[in-house]
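We did not get these values from a lab; they are worked out from the coordinates using the rules stated. No experiment lies behind these values; they were computed from the predicted model shown. Ideal geometry is used to build each Cβ from the backbone, glycine not excepted, and the neighbour counts take in all protein chains shown.
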């Protein structure tokens with residue numbers, strides 16, 4: 001079952017307080033070569049059936065309208081993966 | 001400046017209430033071919049200098065220990081991207 005992966009990141013010009021906190025924690029632990037951490041979101045959309053150009057276009061619109069907040073976030077990637085990379089929605093999951 | 005991307009997803013066997021809410025919203029909007037949505041995190045770690053095997057190993061440990069909650073989340077990917085895909089930490093950002 002194909003999966004469409006949508007990646008969303010905070011806009012480059014915005015502060016990312018949670019990312020800043022992680023950066024600080026890494027520095028305190030001695031990982032000084034990590035200059036900056038930014039935290040975004042990864043959506044996995046499991047698709048029934050085939051992914052055609054029409055569906056991908058719909059998902060791109062949904063990503064921009066619903067999955068990202070255009071004021072503070074950018075959709076940086078919408079791509080198809082043949083199967084889920086880590087078993088989200090794996091067989092046997094019934095909830 | 002290279003960027004290490006860390007991707008974290010909720011474990012497959014766990015409910016993802018936010019993802020379920022998005023799935024429901026998509027169905028109400030007529031996107032019935034999206035069977036399931038799951039929401040995880042994408043971390044971008046901007047690195048000063050080169051990424052060598054030692055640093056990548058450190059980041060893999062940090063990802064498992066700090067960036068993901070091992071009880072409910074899996075680190076599904078740690079990879080190097082030559083430059084940030086969307087300009088996080090772009091020139092001119094001074095905060």
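For each of B:33, A:32, count neighbouring Cβ atoms within 10 Å of the residue's Cβ, then give the residues from fewest to most. Don't jump to the answer; show the numbers that get you there.
Details: B:33 18, A:32 10.
Fewest to most other Cβ atoms nearby, the residues stand as A:32, B:33.
When only Cα pairs under 8 Å and 6 or more residues apart are kept, what is the percent relative contact order across chain B? Mind dumping the intermediate values first?
Details: 120 pairs, mean separation 46.5, N = 95.
Reported as a whole number, the value is 49 percent.
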Quick check: pseudo-label points 7 Å beyond the Cα along Cα→Cβ at residue B:77 and residue A:79, how many nm apart are they? 0.5
With the Cα gyration tensor of the protein assembly as shown in hand, convert its eigenvalues to equivalent ellipsoid semi-axes via √(5λ) and list them largest first in whole Å. 30, 19, 14
How far, in degrees from 0 to 90, does helix A:53-62 lean away from the longest principal axis of the Cα atoms of chain A, to the nearest 10? 40
With the crude spin-label approximation of a point 7 Å out along Cα→Cβ, what separation in nm comes out for residue A:61 versus residue B:1? 3.8
Can you divide the C-alpha Rg of chain B by 2.2 N^0.38 Å and report the result to two decimal places? 1.34
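What is the order of B:29, A:67, fewest Cβ neighbours within 10 Å to most? Don't jump to the answer; show the numbers that get you there.
Values: B:29 13, A:67 21.
Starting with the residue having the fewest Cβ neighbours, the order is B:29, A:67.
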Can you tell me the orientation of helix B:17-28 relative to chain B, as the angle in degrees between its alpha-carbon axis and the longest Cα principal axis, to the nearest 10? 50
What are the radius of gyration and Dmax of region A:1-57, computed over its Cα atoms and given in Å? 17.0, 48
How big is the gap, in Å, between the Cα center of region A:1-49 and the Cα center of region B:1-44? 14
When A:27, B:31 are arranged by how many other beta-carbons sit within 10 Å of their Cβ, fewest first, they go A:27, B:31
